[in-house]
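Everything below concerns the one structure shown next.
The values are calculated or read from the model by the stated rules, or taken from the named source; none is laboratory data. Note that this is a predicted model, so its numbers are computed, not measured. Because the Cβ atoms are built from the backbone with ideal geometry, glycine has one as well, and the counts that use them run over all protein chains shown.
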């Protein structure tokens, strides 16, 4: 029998089932308006698709809780059909589909640490660290004095992703990137 949780028990990161689909709670807020009943405003992420939705529930509404497990894995390599990860402690290799790891593959290189999220024992998604350090493989030279405020230019990372970086960044430099927003943080 599945564990049932009410809106009063919500926590960030908790996984629940809504309309037959599994979601993790990104953030939530209890609201008690001056008129009418209390409600809970939530932002949830669909585990299967990665889509983030805003949902509102009545206070006290109940949901089935989904049990998840997250463990650190090392990304080894990927092919068109599979992504191979390794447990750094037991050296056990786990194979997942490219669709399961779709977002993480944009930000990781071989032998980098990732998180494998499992739902009821089955691999559900692979998540990249919040910040990664990657090399710039291609960018146009920036010309000083082009802007009054300090502009940006496109740069291709070693994983193939294109991000916006400041004009002073050159090819071959390593930069720290926020994988949640795809934004440049600093050069390393």
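From the set of residues in the range 140-174 that are modelled with pLDDT under 90 and on the phi > 0 side of the Ramachandran plot, which is surrounded by the most Cβ atoms within 10 Å (Cβ to Cβ)?
The residue in question is 150.
Give 24, 49 a once-over and let me know the one that is in a strand (DSSP E or B), at pLDDT below 90 and not assigned by TED's automatic domain parsing to the domain that holds residue 116. Break it down stepwise before answering.
Working: 49 fails: in a strand (DSSP E or B).
Residue meeting the stated conditions: 24.
Here are 60, 72: which of them is more than 24 Å from residue 98 (Cα to Cα) and either at pLDDT below 90 or touching a strand residue (DSSP E or B) at 6+ places or on another chain (Cβ under 7 Å) (or both)?
60
Taking interchain pairs and intrachain pairs at least six residues apart, which have beta carbon atoms under 8 angstrom, with the first residue in the range 93-118 and outside the structural domain of residue 178 (by TED's automatic domain parsing) and touching a residue at least 12 places away in the same chain (Cβ under 8 Å) and the second surrounded by 14 or more Cβ atoms within 10 Å (Cβ to Cβ) and in a helix (DSSP H, G or I)?
Hits for this filter: 98/105; 114/104.
What are the residues in the range 72-94 that are surrounded by fewer than 14 Cβ atoms within 10 Å (Cβ to Cβ) and in a strand (DSSP E or B), if any?
Within the range 72-94, 72, 77, 93 qualify.
For the range 32-52, how many residues meet the condition of being surrounded by 14 or more Cβ atoms within 10 Å (Cβ to Cβ) and free of Cβ contacts under 8 Å to residues at least 12 places away in the same chain?
0
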